[in-house]
Every structure is written in C-alpha cells, then in structure tokens.
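Reviewing the structure listed below.
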Amino acid sequence: MASPEGFYINTPLLESINMSKRLGTNVYLKMESSQPSGSFKIRGIGHLCQKMAGSGSKGVVCASGGNAGMATAYVARKLNIPATIIVPSSTPELIKEKLKDQGATVRVVGKVWDDANEAALYLTQTDGLTFVPPFDHPLLWQGHASVVREIKASLPSKPGGVVLSVGGGGLLCGIVEGMKQVGWDSVPIICMETKGADCFNAAIKAGKIVTLPDITSEAKCLGAKTVCSQAFEYSKEGNMNIISELVNDQQALQAVEMFLDEERVLVELACGAALAAVYCGVIQRLQDEGQLPAPLSGPLVMIVCGGSSINQAELRHLRKVLNR
Ligand code: PLV
C-alpha cells in the first residue's frame with residue numbers, strides 16, 4: 001500500500017513461525033526489506049527530501065554506505081532532481097551499479113563512510129546541492145517513526161520488545177520517536193551492532209560519545225565511526241529501556257543465511273546483526289540475565305531493515321572472507 005507521501009510503502013508485518021518456535025514467544029517481522037529502495041531509509045529520506053529539496057533544488061548529495069544513497073537516488077528520480085551519491089571504497093560494486101541504474105551520479109571517496117561524508121559536505125558548499133544526511137537529522141527520524149505507527153495498526157497487542165540494527169543511530173531515533181507517539185515508551189528496544197562497527201555500544205560503555213578508530217566489520221552499512229548524539233541521549237533517558245548488544249560478523253552472516261532458508265528473503269549483513277538477536281540466542285541470554293522478562297510481556301518485533309548490497313555473489317564473498 002502506498003504511503004501518503006508516495007515514496008515508501010506500508011510494509012507487511014509477518015508472523016515468523018520459525019523464530020517464534022525458537023524463542024517460545026510470538027515473533028513478528030516488519031519487512032522493511034520490501035521498500036522500493038530496499039531498506040527503511042526511504043521513510044526518513046523521502047520525508048526530508050520533500051521538506052528540503054523542492055523543485056527549485058539544484059540536486060541532492062548524500063554520503064552513504066549504500067542504502068541511504070539508494071533511498072536518496074530513488075526519491076530524487078521521483079522528484080525529477082539530480083542526485084550525487086558519495087560512497088566509500090568499501091561499498092560493493094553491486095550497489096554502485098544499482099545507484100547508477102536509479103540515475104544517480106556515483107563518486108567513491110575515502111575508505112569509510114565518515115570520509116565520504118566530508119566530501120558530501122564540501123559539495124553542498126561548492127555546488128549548492130541539498131545535503132541529505134543518512135542518519136543524523138530530526139526530519140529523518142520523523143519519517144522513520146511511521147514504521148511504528150504501522151506496526152501499532154496491525155500488531156495484535158503491545159510488543160514485549162523491538163529489535164533493530166544501529167549504524168549511526170537514525171533508525172533507533174525514529175523508532176524511539178514512534179514509540180513515544182503511540183505510548184510504547186516502556187517497551188524494551190534491543191539495539192544490535194557488529195563488533196568493529198559498534199559506535200553506539202562503545203559510547204554506552206564509555207558514558208560519552210566516542211569515535212571508533214576504524215571500521216573493521218564487514219557490515220559496512222553499520223559503519224559510522226560516531227553515533228549521532230540524539231541516539232546516545234535516548235539511551236540515557238530513564239523511562240526508556242534501550243539495550244545495546246553486539247554480535248560478530250560470523251553470527252550476522254549465519255543469521256542472514258538462516259533467514260534466507262527459513263523466510264526466503266535475502267538481507268544484508270547490517271540486517272543480519274538484528275536477526276542474530278534471535279538466531280544466535282541474544283534475547284534468550286538477556287532473559288537468563290534478567291535484563292528482559294521471561295516470558296516477554298508481548299510479541300517480539302524484528303525490524304527487518306533490509307539492504308540492497310547483497311546478492312548470491314556477495315554472499316559467497318562474505319562466506320569466503322569470514323571463513324564460513
Ligand atoms: N546505513 C547507512 C549508514 O551507513 C547508509 O548510508 O546506508 N540497516 C541497513 C540496511 C542500513 O543501511 C543502515 C544504515 C542501518 C541498518 C542502520 O541505520 P542507522 O544508520 O540509521 O542507525 C554508514
């Protein structure tokens with residue numbers, strides 16, 4: 001079903017029999033992998049572009065690990081304005097081709113997303129392009145919040161937990177905003193990152209925002225070196241219940257493979273990090289440790305954030321580099 005803004009779609013909320021069996025609680029999958037740009041990013045980026053990049057815009061520029069770029073390129077094509085997407089060298093060829101197919105100009109700058117972002121900011125000054133941030137902007141969070149309103153409209157009862165991946169923290173901020181809007185403030189949010197792309201977890205451990213020296217995880221779309229400050233602020237709010245957990249790349253890959261087998265959908269490693277919360281026993285451990293109630297107070301909702309940087313060849317490549 002098309003959204004009122006016309007860019008994102010109302011995605012299915014599917015009950016996962018396999019995950020429910022594993023967890024002993026009903027598990028629902030919010031299938032953001034079905035969005036036209038391949039991930040949830042289109043919700044926030046569509047909203048931001050509509051507010052900031054009208055028909056008079058000279059074009060948009062976005063630095064991205066891939067998926068924010070895909071959303072920007074898609075929306076720009078619909079708005080009939082040019083898009084420049086700057087990606088780091090770690091972004092697979094596959095997504096660069098997809099970006100070009102959306103009509104975007106693609107440039108490769110630097111090794112990680114933070115390097116590409118500096119170049120994007122520079123272009124806003126020299127070429128007058130509208131800057132589209134991938135995760136750190138209130139308009140993005142407002143747009144992402146729509147996912148919670150959709151979940152509320154079709155979930156039979158208040159969730160016992162929501163699981164998501166954290167890169168720069170934009171999805172988390174949007175989910176928190178949405179949960180506040182629908183009165184789900186107290187529902188635990190389990191935030192998943194991979195080791196080596198763990199800027200949110202590192203900030204929580206340090207008690208302050210920190211910048212990682214490098215991104216060593218293969219989940220490049222989680223690879224922001226510094227989490228946005230709003231995400232960190234939410235983690236400190238007493239009435240929220242935000243839990244940060246890590247898995248390694250092998251576990252995230254195992255989750256991608258299990259999801260493909262069981263649910264017949266191929267997602268990126270960035271999304272596998274969230275799925276690993278169930279497949280690799282993170283939720284069960286949190287229950288054993290008393291951090292989550294056993295049983296959960298309601299169904300568990302997994303945000304299947306998706307991602308376009310994956311196909312059979314990329315999956316084989318990941319298996320090889322991660323020795324699986
Ligand atoms: N990816 C961003 C940031 O990369 C990007 O440029 O595409 N799941 C998927 C599939 C993603 O692509 C991302 C972010 C996330 C989860 C995490 O979302 P965030 O950044 O809002 O926490 C460096």
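The values are calculated or read from the model by the stated rules, or taken from the named source; none is laboratory data. Since we're looking at a predicted model, the values are computed, not measured. As a convention, Cβ positions derive from the backbone with ideal geometry for all residues, glycine included, and neighbour counts pool all protein chains shown. Ligands, DNA and RNA are excluded from the accessible area calculation, which covers all protein heavy atoms including side chains. Shrake-Rupley method; radii C 1.70, N 1.55, O 1.52, S 1.80 Å.
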When ASN67 is run through (1) away from the ligand (no atom under 15 Å from the Cβ); (2) of a type in the set (S, T, N, Q); (3) in contact with a strand residue (DSSP E or B) (Cβ under 6 Å, 6 or more places away or on another chain), the failure sits at (1)
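Quick one: count up the residues across region 203-232 that are within 23 Å of MET302 (Cα to Cα) and either of a type in the set (Ser, Thr, Tyr) or more than 9 Å from the ligand (Cβ to nearest atom) (or both). Can you show your working first?
Initially, region 203-232 is screened for residues within 23 Å of MET302 (Cα to Cα), giving 204, 217-224, 227-228, 230-232.
Those left that are additionally either of a type in the set (Ser, Thr, Tyr) or more than 9 Å from the ligand (Cβ to nearest atom) (or both): 204, 217-218, 230, 232.
Final tally of qualifying residues: 5.
So is VAL75 open to solvent by less than 10 Å² (accessible area, probe 1.4 Å), modelled with pLDDT of 95 or more and within 18 Å of the chain's Cα centre (by Cα) or not? Even if it seems obvious, please write down each step before you answer.
On the way: open to solvent by less than 10 Å² (accessible area, probe 1.4 Å): yes; modelled with pLDDT of 95 or more: yes; within 18 Å of the chain's Cα centre (by Cα): yes.
When the stated conditions are applied, VAL75 passes them.
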Query raised in the report: hydrophobic (A, V, I, L, M, F, W, C) and either surrounded by fewer than 19 Cβ atoms within 10 Å (Cβ to Cβ) or farther than 26 Å from PRO138 by Cβ (or both), is that true of VAL227?
Result: no
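Considering each residue of region 248-259, count those that are within 23 Å of ILE175 (Cα to Cα) and in contact with a strand residue (DSSP E or B) (Cβ under 6 Å, 6 or more places away or on another chain), and give that number. Show your work before the answer.
First, pick out the residues of region 248-259 that are within 23 Å of ILE175 (Cα to Cα): 252, 255-256, 259.
Cutting the leftovers down to in contact with a strand residue (DSSP E or B) (Cβ under 6 Å, 6 or more places away or on another chain) gives us 252.
Qualifying residue count for the region: 1.
Could you check region 234-256 and list, in sequence order, the residues that are in a helix (DSSP H, G or I), in contact (Cβ under 8 Å) with a residue 12 or more places away in the chain and either open to solvent by 40 Å² or more (accessible area, probe 1.4 Å) or not small (Gly, Ala, Ser) (or both)?
Going through region 234-256, the residues in a helix (DSSP H, G or I) turn out to be 234-236, 249-256.
In the following step, the residues that additionally are in contact (Cβ under 8 Å) with a residue 12 or more places away in the chain were identified as 234-235, 249-256.
Once the filter is applied, which keeps residues that are in a helix (DSSP H, G or I), in contact (Cβ under 8 Å) with a residue 12 or more places away in the chain and either open to solvent by 40 Å² or more (accessible area, probe 1.4 Å) or not small (Gly, Ala, Ser) (or both), region 234-256 yields TYR234, ASP249, GLN250, GLN251, LEU253, GLN254, VAL256.
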HIS144 vs (1) within 11 Å of the ligand (Cβ to nearest atom); (2) not assigned by TED's automatic domain parsing to the domain that holds THR216: all pass except (2)
Within region 272-297, the count of residues that are open to solvent by 10 Å² or more (accessible area, probe 1.4 Å) and of a type in the set (Gly, Ala, Ser) comes to 4
Residue pairs qualifying under the 8 Å Cβ cut-off, at least six apart or on distinct chains, with the first in region 33-50 being in contact (Cβ under 8 Å) with a residue 60 or more places away in the chain and the second being near the ligand (Cβ under 10 Å from one of its atoms) and basic (Lys, Arg), are GLN35/LYS41
Note on GLY178: of the conditions (1) open to solvent by less than 10 Å² (accessible area, probe 1.4 Å); (2) touching a strand residue (DSSP E or B) at 6+ places or on another chain (Cβ under 9 Å); (3) free of Cβ contacts under 8 Å to residues at least 40 places away in the same chain, unmet is (2)
Restricted to region 265-280 and to residues being in contact with a Phe, Trp or Tyr (Cβ under 9 Å, 6 or more places away or on another chain) and within 10 Å of the ligand (Cβ to nearest atom), the residue farthest from LEU23 (Cα to Cα) is VAL267
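Per-residue answers, yes or no, for (1) over 26 Å from ASN67 (Cβ atoms); (2) touching an Asp or Glu at 6+ places or on another chain (Cβ under 9 Å); (3) in a loop (DSSP other than H, G, I, E, B):
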position	(1), (2), (3)
VAL267	no, no, yes
ALA274	no, no, no
ALA277	no, yes, no
GLY290	yes, no, yes
LEU296	yes, no, yes
VAL301	no, no, no
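Which one is farthest from PHE135 (Cα to Cα) among residues in region 258-267 that are open to solvent by 10 Å² or more (accessible area, probe 1.4 Å) and in contact (Cβ under 8 Å) with a residue 60 or more places away in the chain? Walk me through how you get there before you give the answer.
Going residue by residue through region 258-267, those that are open to solvent by 10 Å² or more (accessible area, probe 1.4 Å) are 258, 260-266.
Next, only the ones that are in contact (Cβ under 8 Å) with a residue 60 or more places away in the chain stay: 262-263, 265.
On the way: GLU262: 30, GLU263: 28, VAL265: 25 Å.
Ranking the candidates gives GLU262 first.
Looking only at region 79-105, which residues are assigned to a strand (DSSP E or B) and either open to solvent by less than 60 Å² (accessible area, probe 1.4 Å) or more than 11 Å from VAL60 (Cα to Cα) (or both)? Talk me through it step by step, then tell me what you get.
Residues of region 79-105 assigned to a strand (DSSP E or B): 83-87, 105.
Answer for region 79-105, where residues must be assigned to a strand (DSSP E or B) and either open to solvent by less than 60 Å² (accessible area, probe 1.4 Å) or more than 11 Å from VAL60 (Cα to Cα) (or both): ALA83, THR84, ILE85, ILE86, VAL87.
Hey, among VAL108, VAL27, VAL61, which residue is touching a Ser or Thr at 6+ places or on another chain (Cβ under 6 Å) and surrounded by fewer than 17 Cβ atoms within 10 Å (Cβ to Cβ)?
It is VAL108.
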